[in-house]
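This is the structure, below, for whatever I ask next.
Since every read-out is calculated from the coordinates, none of them should be taken as a lab result. The structure displayed is predicted, hence computed values, not measured ones. Neighbour counts are summed over all protein chains in view; Cβ atoms, including those assigned to glycine, are modelled from backbone coordinates with ideal geometry.
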């Protein structure tokens, strides 16, 4: 491209500067054009027509440059969106591999840390396996299976990959027991949210867990499979097994006294 053409379509040239460049171009062409060239001896009308052509070319070039810049920006924006989507997809894969809870590994760790802190404030000495692991098939847990805060002993069947809920089964049917809401619900399968599943101590952990006196727990009421809120009154080795004596909430007798009841550690958990 010649110097005169560069004057016409230079980046950012205004209409006035482009017009001045055209006038200068015509003057230079008139000087250097060979004899007989269409550019030599142009009258005013022809010069104006040629000037209009140059101006139109300059505007077209500027518009094309603007469209090119906008296209580049759009491509960069699309690339950033794709990168963000890939990052989210990778986090979903991590969450699925950690039990299908729908949470990222970072979120799951944060929730577990907060739960441990709350339990420490209540004076509970526990094993990490009680709060920050995924329940396994066949594992006994305490689960809320009714809207009125009914927690019973159930067995984990699986984690539903579609709903991210825990499928639990109540296999503890008491054929000789008296009719009750808890007894009527036994033998059924339930799809429950993860927060409605309380992990029980692992067999190897139960003997080493010490619940502080006065700490609040969820304990299985003796001779039933139902869990109720309770307060620990004593902890130690009893009848060859690590146990606690607890006082259940609203368990007053006819005299208004709440008795202490013996519950093995393996049937005590925390909310």
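Determine, for each peptide in 61-68, 153-160, the mean count of other beta carbons within 10 angstrom over its residues, then list the peptides with the highest first.
153-160, 61-68
Could you order the peptides 202-208, 77-83 from most to least packed, using the average number of other C-beta atoms within 10 Å per residue? Please list the in-between numbers first.
Working: 202-208: 13.0, 77-83: 9.9.
Descending packing order for the listed peptides: 202-208, 77-83.
Counting other beta carbons within 10 Å of each Cβ, put 191, 227, 248 in order, fewest first.
Numbers: 191 11, 227 27, 248 19.
If I rank by nearby Cβ atoms, fewest first, I get 191, 248, 227.
I would also like to ask the following. Distance in nm between label sites at residue 162 and residue 45, each 7 Å beyond Cα in the beta-carbon direction?
For the pair residue 162/residue 45, the computed spacing is 8.2 nm.
Sort 252-265, 229-242 by the packing proxy (mean of other Cβ within 10 Å over each peptide's residues), most packed first. Walk me through the numbers before you get to the answer.
Values: 252-265: 12.9, 229-242: 14.7.
With the highest mean Cβ count within 10 Å placed first, the list reads 229-242, 252-265.
Hey, another quick one. Please compute the modelled spin-label separation between residue 191 and residue 76, points set 7 Å along Cα→Cβ, answer in nm with one decimal.
4.7 nm
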